[in-house]
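Below is one structure; the comments refer to it alone.
The values are calculated or read from the model by the stated rules, or taken from the named source; none is laboratory data. Computed from a prediction, not measured in an experiment: that's the story for all the values here. Here the Cβ positions follow ideal geometry from the backbone for every residue, glycine too, while neighbour counts run over all protein chains shown.
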Number of protein chains: 2
Amino acid sequence: MENIKLNMSRRIRRTPFTNKVEKCGVSDFTVVNHMLLPKGYRNSVEEDYWHLNKYVQIWDVSCQRQVQIFGPDAEKLVQKMTPRSIKNMETGKCFYIPIIDENAGMINDPVLLKLDDDMFWISIADSDILLWAKGLALGSNFNVNIIEPDVYPLAVQGPKSEELMVSLFGEDIKKIKFFNFKIFDFLGTKQIIARSGYSKQDGFEIYFKGFEEHFDRIELGEKLWDTIWEAGQKFNISPGCPNLIDRIEAGLLSYGNDFTKDNNPLECNLDRYCNENDNHEFVGKEALKKIKLQGIKQKIRGIIFEGEPYYPNGKLLNVFSEKNNKIGQITSGIYSPSLKKNIGLSMILKDYWDIGQNVVIETIDKRKIKGVITTLPFPK
Amino acid sequence: MENIKLNMSRRIRRTPFTNKVEKCGVSDFTVVNHMLLPKGYRNSVEEDYWHLNKYVQIWDVSCQRQVQIFGPDAEKLVQKMTPRSIKNMETGKCFYIPIIDENAGMINDPVLLKLDDDMFWISIADSDILLWAKGLALGSNFNVNIIEPDVYPLAVQGPKSEELMVSLFGEDIKKIKFFNFKIFDFLGTKQIIARSGYSKQDGFEIYFKGFEEHFDRIELGEKLWDTIWEAGQKFNISPGCPNLIDRIEAGLLSYGNDFTKDNNPLECNLDRYCNENDNHEFVGKEALKKIKLQGIKQKIRGIIFEGEPYYPNGKLLNVFSEKNNKIGQITSGIYSPSLKKNIGLSMILKDYWDIGQNVVIETIDKRKIKGVITTLPFPK
C-alpha cells in the first residue's frame, strides 16, 4: 500500500518547478487540480516538521490554480459565489472564502485575491471552480471573462522566510501584512507576493506569472527557484511541502479530506464567513439560512488519541462513542512529536462534540484505543 | 522519476473495489476525478496488452464518475451542454458527446446514457462536469436535480468477455448492442450493463450501483468483483486497466492527455458529433460556427516513429518538420509490439498533417529520430 507508484502522463500536469523538485529528490506526489503537488522528499514528515518550525522551506504549490474573473460583472459574480460579503474588500487583500452549491454544500474553500475593482483571482483547492464560475456566468448572462491564467504559486514558509524574502525583494516585504499582497519586480517582471501559506509558520506565496513577454515559462520559473534557493542557503533552506503534522496542529482544513460537497460551511466551523443576513445574493443562501435555523448535526473537531504513533495511508479510522455508536471518522490524522500524542480531525456528531468528551478510535486492525475531543487549533 | 509514490489521503477517493485491486497486486495508480484508477499490476504494459487481446480482464474504472441529471428540464440542459444533437436519442442508448465551453474549448468527452426521458447519466472523463452542469442549470433557472450518484463502473474487457458475462447474467447479454445498455439482476439488485469500454476489444461496463437498500456498498461491490473473478477463472481472467498500447493503436483519445480546454472538437476529429447546423441551442455554438468557417489550424494525427522502444514518463516528446519547425508534441505514445514501431498521438499543424508526411521526433535526451504521419486508428 505504501509503495504504490503514481503513473505519469500529460493529464497530471507538470509545473514550471517540477524539474527542480525532481532534482531535489522528491519521493511522493499527490494530484491536486490535475497537477503534481510534491508530498515528500528524502526526510520523514517528522524531520520536515522540525525543519519547518525552525528554518525556511520552498514549496511548489502551483496546483493552487487561479480562476481569473475579469470584467464589468466580476464583483457581482464573485459575490454570487460565496456567502462571505466582499462589499468592503479592498484591492491588495486576500479573503478566505467558502464556495457553496445550491444545497449549501461546500464545493471549494479558496483564497480570493482582489487585483482591481474588476479583476479577481480565486486561488483554489481541489475542484474545477473554473467550470463552476463559467457555468454560472453563462447561465446568468454576466459580462465577465473567466480563464485559468499561467500563474504558478511558489510558497516560502517558515520563521526565516521574512529574512530570506527581504534579502531578495527588499525591506518592503516587511510591509506586507498577513493576508495582503503587494507587487514586486523579478528580473523585470511584475510578481504578486502575498503574506500567506498553508502552514502555521510565517510565510509568503509568490503568485509566479509565467506568461510575461520575452521569457519562457519554465526558464523564468527555474530562475526564480534558483534565486530563492541560493539566497536561502544561509538560512538552511530545504525543499518542502504542506506538512501534515503542522497543518493538523494548526487546525487548517483540507477540502476533499476533512470536508466534501456533502458538508455545509457551518459544519466546517466557517460561521464567521457566512454573512447570510447581509443583503447580498449568493448561491445556496436559502439552504444555508434553513440549516442555520434547524441547527447542524455534526461539526469538525480535533481528537487527541493514544496508541502507537499513527501514520495515515488513505484508509480512515472510525470514531465511536464509549457506548459503541459510530460518531465520526479521522479524516486527517498523524502523530504529533510536539504533543507526543496522535492527533486527528473528524466531523463529530452533535451529542459528542463537547470539548473533553471521551471517544474510542478503532485502528485498521480493529483495536480500540482511547481518545478525547479537543479544540482547534490543538492546544500546545 | 519512474518510482515516485502516490501519497494517499481521503481526497484521493478509494472505490468499492480498491481492496480487491490491492489484493491483486496493483503497482501503479493515477488519479481521475479525485479517485484512484489502477494503471498497472505485476505484468508489464506489453504483457497486459497481449493478455487483453486474447482473454478477458476486470478493470476498476469507478473514476468514470456519473453526473446524474434528472427532472423536467433534464433533456434541455443536456442538449445545451453538447453540440451533438440528442433529439433522436432513445432510452437505453449510450452517446459519445463532446462538451465544450463558450469558446468551443473541450471541457470533457463523456459517454451520455439516457435512462429515461427525464433522466440522464453523463459518464465523465477527468473534469468536474458536476460543477459545470450545476452552474449552468442554476444560472439558467432550469428545473433539474443534479447529483453524483453512488455508481462505480466496473469494466469487463477482452474477446472472452461475452462468454464470461453470459455465464453470469444469461443469454440476454448477447442482445446488448455496442453502445447500448440493459438492466440485469445481481443478488436482487438492478444493475445497468452497457456494451462499451475504453479498449478496441469487445467488452462491457457494469455501472455498479452501491446504494441499494440492505447492502453495504463495499460488501456488494466486492461480491460483484468476486463473482466475476471466480467465473472468469476458466477464461484466464486477469486484473487490468485501460492499456496504453491498445488505446493508442485504436486511436482512442484521452482528455487532458491528447486534448485540453485549449482545443476545439474539430481539432480532435469529432466533426461528426458537432451538429452546429441543427437548430438546437448549445454553449459554444457561435464560437464553433466561426471556427468551422475559418478552418482549423491543427488536428490530432497518428505518428509512427523509429528508435528504441519508447515508454512514456509524463515528459512530452516534441515533433518537428524536416526543416526543424516545431509542429506538435507526442501527447500519448508507446512502443507497439504488434507494429514493432513506436506509435503516438499528436496535435499536428495543418501544413504537416497529410498522411505520409515525414516528421522528426526529438527524444528527451535531444536525439532526432524519423517519424511519419498516419491515420487513426493505426493501420494494422
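For every residue, the table says whether it meets (1) in the same structural domain as residue A:57 (by TED's automatic domain parsing); (2) under 30 Å from residue A:14 (Cα atoms).
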| residue | (1), (2) |
| --- | --- |
| A:224 | yes, yes |
| A:227 | yes, yes |
| A:231 | yes, yes |
| A:236 | yes, yes |
| A:252 | no, yes |
| A:264 | no, no |
| A:270 | no, no |
| A:290 | no, no |
| A:312 | no, yes |
Exercise for review: Confirm whether residue B:371 is buried (at least 20 other Cβ atoms within 10 Å of the Cβ), touching a residue at least 40 places away in the same chain (Cβ under 8 Å), over 27 Å from residue B:28 (Cβ atoms) and not basic (Lys, Arg).
Suggested key: yes
Review point. Considering B:253, B:220, which residue is of a type outside the set (S, T, N, Q) and in a loop (DSSP other than H, G, I, E, B)?
Key: B:253
Check your understanding: Looking at this structure, is residue B:108 touching a Phe, Trp or Tyr at 6+ places or on another chain (Cβ under 7 Å), within 14 Å of residue B:284 (Cα to Cα) and outside the structural domain of residue B:39 (by TED's automatic domain parsing)?
Key -> yes
Review point. Of the residues B:160, B:190, which is of a type in the set (D, E, K, R), outside the structural domain of residue B:123 (by TED's automatic domain parsing) and under 26 Å from residue B:246 (Cβ atoms)?
Key: B:160
**Study point:** the stretch B:98-118 - residue that is farther than 24 Å from residue B:198 by Cβ and of a type outside the set (D, E, K, R) and, of those, surrounded by the fewest Cβ atoms within 10 Å (Cβ to Cβ)
**Key:** B:103
Exercise for review: Select, from A:160, A:175, the only residue that is out of contact with any helix residue (DSSP H, G or I) (no Cβ under 7 Å at 6 or more places or on another chain) and basic (Lys, Arg).
Suggested key: A:175
Check your understanding: Restricting attention to the stretch B:61-110, which residues are within 18 Å of residue B:205 (Cα to Cα) and either acidic (Asp, Glu) or assigned to a strand (DSSP E or B) (or both)?
Key -> B:66, B:67, B:68, B:93, B:94, B:95, B:96, B:109
Review point. Tell me, which residue of the stretch B:96-127 that is among the charged types (D, E, K, R) and within 21 Å of residue B:272 (Cβ to Cβ) is nearest to the other protein chains (Cβ to nearest Cβ)?
Key: B:101
Exercise for review: Note down all Cβ pairs under 7 Å where the first residue falls in the stretch B:239-260 and is more than 11 Å from every other protein chain (Cβ to nearest Cβ), the second is of a type in the set (A, V, I, L, M) and surrounded by fewer than 21 Cβ atoms within 10 Å (Cβ to Cβ), and they're at least six residues apart or on different chains.
Suggested key: B:243/B:45; B:245/B:45; B:251/B:376
Revision key, fill the gap. Restricting attention to the stretch B:315-360, the residues that are within 17 Å of residue B:247 (Cβ to Cβ), touching a helix residue (DSSP H, G or I) at 6+ places or on another chain (Cβ under 6 Å) and of a type outside the set (A, V, I, L, M, F, W, C) number exactly 3
Point to revise | For residue A:52: the one exception among (1) surrounded by fewer than 19 Cβ atoms within 10 Å (Cβ to Cβ); (2) away from every other protein chain (no Cβ under 14 Å) | key: (1)
Study note, to complete from the structure: The one condition residue B:35 fails out of (1) touching a Cys at 6+ places or on another chain (Cβ under 6 Å); (2) within 15 Å of residue A:3 (Cβ to Cβ) is (2)
Review point. When you go through (1) under 23 Å from the mean Cα position of the chain (by Cα); (2) closer than 29 Å to residue A:140 by Cα; (3) within 13 Å of chain B (Cβ to nearest Cβ); (4) in contact (Cβ under 8 Å) with a residue 60 or more places away in the chain one by one for residue A:73, which number turns out not to apply?
Key: (1)
Check your understanding: With respect to the numbered conditions (1) assigned to a helix (DSSP H, G or I); (2) surrounded by fewer than 18 Cβ atoms within 10 Å (Cβ to Cβ); (3) within 11 Å of chain B (Cβ to nearest Cβ), which one is the sole condition not fulfilled by residue A:166?
Key -> (3)
**Study point:** Enumeration of residues in the stretch A:60-100 that are of a type in the set (Asp, Glu) and assigned by TED's automatic domain parsing to the domain that holds residue A:135
**Key:** A:73, A:75, A:90
Revision key, fill the gap. Residues in the stretch A:1-39 that are at the interface with another protein chain (Cβ under 7 Å from one of its Cβ atoms) and assigned to a strand (DSSP E or B) total 7
Practice item. Within the stretch B:215-258, track down each residue that is on the phi > 0 side of the Ramachandran plot and surrounded by fewer than 17 Cβ atoms within 10 Å (Cβ to Cβ). Key: B:236
**Study point:** Residue ID - surrounded by the most Cβ atoms within 10 Å (Cβ to Cβ), chosen from residues in the stretch B:119-143 that are part of a loop (DSSP other than H, G, I, E, B) and of a type in the set (D, E, K, R)
**Key:** B:128
Point to revise | Matching residues, the stretch A:146-163, being of a type outside the set (Asp, Glu) and buried (at least 18 other Cβ atoms within 10 Å of the Cβ) | key: A:146, A:151, A:152, A:153, A:154, A:155, A:156, A:157, A:158, A:160, A:161
Check your understanding: Just a yes or no: is a residue in the stretch A:344-356 outside the structural domain of residue A:47 (by TED's automatic domain parsing), polar (S, T, N, Q) and over 22 Å from residue B:12 (Cα atoms)?
Key -> no
Check your understanding: Does at least one position in the stretch A:366-373 carry a residue that is closer than 22 Å to residue A:106 by Cα and either touching a helix residue (DSSP H, G or I) at 6+ places or on another chain (Cβ under 6 Å) or of a type in the set (Val, Ile, Thr) (or both)?
Key -> no
Practice item. Just name the residue that is modelled with the lowest pLDDT out of those in the stretch A:178-219 that are among the small types (Gly, Ala, Ser) and closer than 22 Å to residue A:147 by Cβ. Key: A:210
